[in-house]
Amino acid sequence: MTEIQPSAPLVFRWQEARIAAIAPVTARVKSFRLAVAFADGYRAGQHVDVRLTAQDGYQAQRSYSIASAPDGSGTIELMVEGLEDGEVSGYFFDVAAVGDVIELRGPIGGSFSWDAPDGGPLLLVGGGSGVVPLLSMLRRRALAAPDLPALLIYSTRTRTEAIALAELEARHRDEPGFTLVLAVTREAGGRRIGSDTVAAALASLGSPTRVFVCGANPFVSAASNHLVAAGLARGVIRTERFGG
């Protein structure tokens, strides 16, 4: 769902993807299952470029993180937020129907991706829709490395806006070695991710060998600074940013 700026020109070819299923995630976010040829050949955390072409030839393009993990279904999942004046997200949220065919290319992204051989412990930090590629990593962990220690710090404005919260809380309850730390910023008693949050997470998880941070630019900068101040080397921290 993470909508970021279009990727720089790449060698990946554009290909067709058919919408196989649509489901609500939150009031502002929908899930789209897309049947596409590479569905079982990508890494958790990667993204795709989506291109729409109007009848007059006008094209709009955006990048979206993949929420799913390779599972043999022949599909990938995108989570798209309906943004005001969003050309691509507007189509997805207001027009798209099961059976529609769109163009996409990918999977894209090498450093911001994870698979079981990469190991852990795994520390994930997401803000808002930045949780989507991290959700992909957690889903992959559950399939391929369920004993790997992992912790997700997830910052969201309200619980109702939190993406896949029921799934994340179920994983926290049922999966040994996984911990969810939820920071709700705009509800009574809310809090932002700070040095105390990071310190408590590291005390619980231990020293992570893989760290991924995703969200809007200010969030990623602040979270990364807290991680470095807590003693983590910048070289182990991978970031993905979107928006302003």
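In table form, for the structure just shown:
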| item | result |
| --- | --- |
| Of S224, T197, L180, farthest towards positive along the dipole that unit charges on Lys, Arg, Asp, Glu beta carbons give the range 116-242 | S224 |
| Cα lying deepest toward the dipole's positive end in the range 59-210, options L122, G90, G106, charges on Cβ | L122 |
| Cα centroid separation - the range 113-182 against the range 41-59, whole Å | 25 Å |
| Taking D118, D174, D49 and counting other C-beta atoms within 10 Å, the order from fewest to most | D174, D118, D49 |
| Tilt relative to the chain, helix 165-174 - C-alpha long axis, 0 to 90 degrees, to 10 | 50 degrees |
| Total charge dipole magnitude, the chain, about the Cα centre, Cβ charges on Lys, Arg, Asp, Glu only, Debye to nearest 20 | 560 debye |
| Convex hull of Cα atoms in the range 6-143, direction-averaged projection (nm²) | 8.8 nm² |
| Sequence of Y64, Y58, Y154 once ranked by neighbouring C-beta atoms within 10 Å, starting from the fewest | Y58, Y154, Y64 |
| Footprinting exposure proxy for L52, L104 (fewest neighbouring C-beta atoms within 10 Å first) | L52, L104 |
| Cα Rg over Rh - the range 41-89, Kirkwood | 1.05 |
| Projected-area mean, the range 116-242, by convex hull of Cα positions, square nanometres | 7.1 nm² |
| Unit charges on C-beta of K, R, D, E only; dipole of the range 3-108, Debye | 300 debye |
| Coordinate range along principal axes, alpha carbons of the chain, Å, largest first | 56, 39, 33 |
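Rule-based calculations on the coordinates, nothing more; no lab input. Remember, it's a predicted structure, so these values are computed and weren't measured experimentally. Please note: Cβ atoms are built from the backbone with ideal geometry, for glycine as well, and neighbour counts cover all protein chains shown.
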